[in-house]
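The structure appears right after this line, and notes come after that.
The values are calculated or read from the model by the stated rules, or taken from the named source; none is laboratory data. A quick note: this is a predicted structure, and the numbers were derived from the prediction, not measured. Here the Cβ positions follow ideal geometry from the backbone for every residue, glycine too, while neighbour counts run over all protein chains shown. We work out accessible area using only protein heavy atoms, side chains counted, and drop any ligands, DNA or RNA first. Shrake-Rupley method; radii C 1.70, N 1.55, O 1.52, S 1.80 Å.
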Amino acid sequence: MALRLTAYEQEMLDGKHGEAKQLAMKIMVKIGEPLGAEEMVEVVSVQAMAHFGSLHIAGRDYLGKLACMGGKCCVPTTQDPASIPFDTWEEMGYDREYAENQMKLCDSIMKLGEYHAWSCTPYVQGSVPRLGQNVAWAESSAVSYANSVLGARTNRTPAGLAICAALTGRIPKFGLYFPENRKAQVKVNVDAGPLSDLDYNTIGIIIGKRVGNYIPAIYGIPQSATNDNLKYLGACAASSGSVALWHAVGVTPEALYGDPFEGRDPLSEFTITREMLTETEKSLCTKNPGEIDLYVTGCPHSSTQEVTKLAHLMEGRRVKPGKDMWIFTTAETNNMLKRSGVIQKMEAAGVRMMVQTCLVISPLVGNGKYKTLITDSGKNASYLPSEHGIELVYASMEDCVAAVTEAV
Ligand code: F3S
């Protein structure tokens, strides 16, 4: 069935509002029709992608072409972390050609009018859609947070489509834009006693593996769970499976009061026990870890609260000679904590702040310098060994800090 367009959408498709909008509309109609979309929805924000590590030359040229055509974002648009740290890539030994390709992408998004967010946590940078609002977000952990924790509506938008949504303020209506597609399908009970920060990652990993792309309703998450806890749960479920929406019963907005199954029987049900968490933690460590030489944290990007906690753990300690500790975060968190002197103290103790970038989509640890890293991020643990061929230990933040630091 052909997509029904409003008068304004038809004008964009006919080229009355410029070449870039026309191309964007053509792409969306072409993709939307086979998906069964009958109309477009308006979106209030876009979270796009502009990292060379995933977009490669084709993506670089695609964004460059839209920019040359005069394309301009008409809704607030941010993008995932870059594949290089902008200020320190030379000092850190990145390949020049690779860095220049990332810079070209950076030029294009400036011309297109995206905000320079470079983070997978736009919701801590002011892009905070309300319950029920439609957005077009691309990064899987951000999609999970938008849908589940904020109650906004988005599919896992492909990068090529997200920029079309940014230029037009529209996206084909399918999937999770329909309230009836947002009901829970699988029942998950968490019965594991008090939950640590690491447990939320591990719960997400288990859920993603068990439910794939179904929508779980999770019973047993306490109201005291922090936004960071929920961020990790969702990021891990999105990376070990492809969960785009989950409900924590009594906690997240679409499952705060009512029945998330809306009277239907769950397709299946399982319980996460303490034994399962311990077993999964062990399974996330690779088989032959040697001596740990690097601690990485901040996948998704570390919040102000997390960096502050790290700073407390670092008090009276420094990174051991021959080891490294990298914290991935937003420019905003880094700047805020610089104003209070926290970052300077950590840097003096040997910590490196990795601002606006991401280890998974960067070539930094695949070069043989590091053999075994330690992380408290379940998403890092699921991706880094296979993406970068590195041995890995998965442990709590406290154990990670202890592994690479010493008392002074
Ligand atoms: Fe963010 Fe990169 Fe992790 S985009 S969620 S830091 S893989």
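The residue list E332, E347 contains one member that is surrounded by fewer than 20 Cβ atoms within 10 Å (Cβ to Cβ) and within 16 Å of the ligand (Cβ to nearest atom), which is E332. The single condition from (1) closer than 27 Å to D265 by Cα; (2) hydroxyl-bearing (S, T, Y); (3) in a helix (DSSP H, G or I) that Y232 fails is (1). State all residues of the range 370-384 that are open to solvent by 10 Å² or more (accessible area, probe 1.4 Å) and within 9 Å of the ligand (Cβ to nearest atom); if no residue qualifies, say none. Selection gives K379, Y383. Candidates are the residues of the range 114-128 that are in contact with a strand residue (DSSP E or B) (Cβ under 6 Å, 6 or more places away or on another chain) and not polar (S, T, N, Q); the one that is surrounded by the most Cβ atoms within 10 Å (Cβ to Cβ) is C120. Taking the conditions (1) in contact (Cβ under 8 Å) with a residue 24 or more places away in the chain; (2) touching a Leu at 6+ places or on another chain (Cβ under 8 Å); (3) open to solvent by 10 Å² or more (accessible area, probe 1.4 Å) in turn, L105 satisfies each one other than (3).
Could you list all residues from the range 293-317 that are away from the ligand (no atom under 16 Å from the Cβ), open to solvent by less than 30 Å² (accessible area, probe 1.4 Å) and hydrophobic (A, V, I, L, M, F, W, C)? Across the range 293-317, the qualifying residues are A311, M314. Checking G350, G389, G378 one by one, the residue that is at positive phi and either touching a Pro at 6+ places or on another chain (Cβ under 6 Å) or modelled with pLDDT of 95 or more (or both) is G350 and no other. The single residue among L161, L131 that is assigned to a loop (DSSP other than H, G, I, E, B), hydrophobic (A, V, I, L, M, F, W, C) and more than 16 Å from the ligand (Cβ to nearest atom) turns out to be L131.
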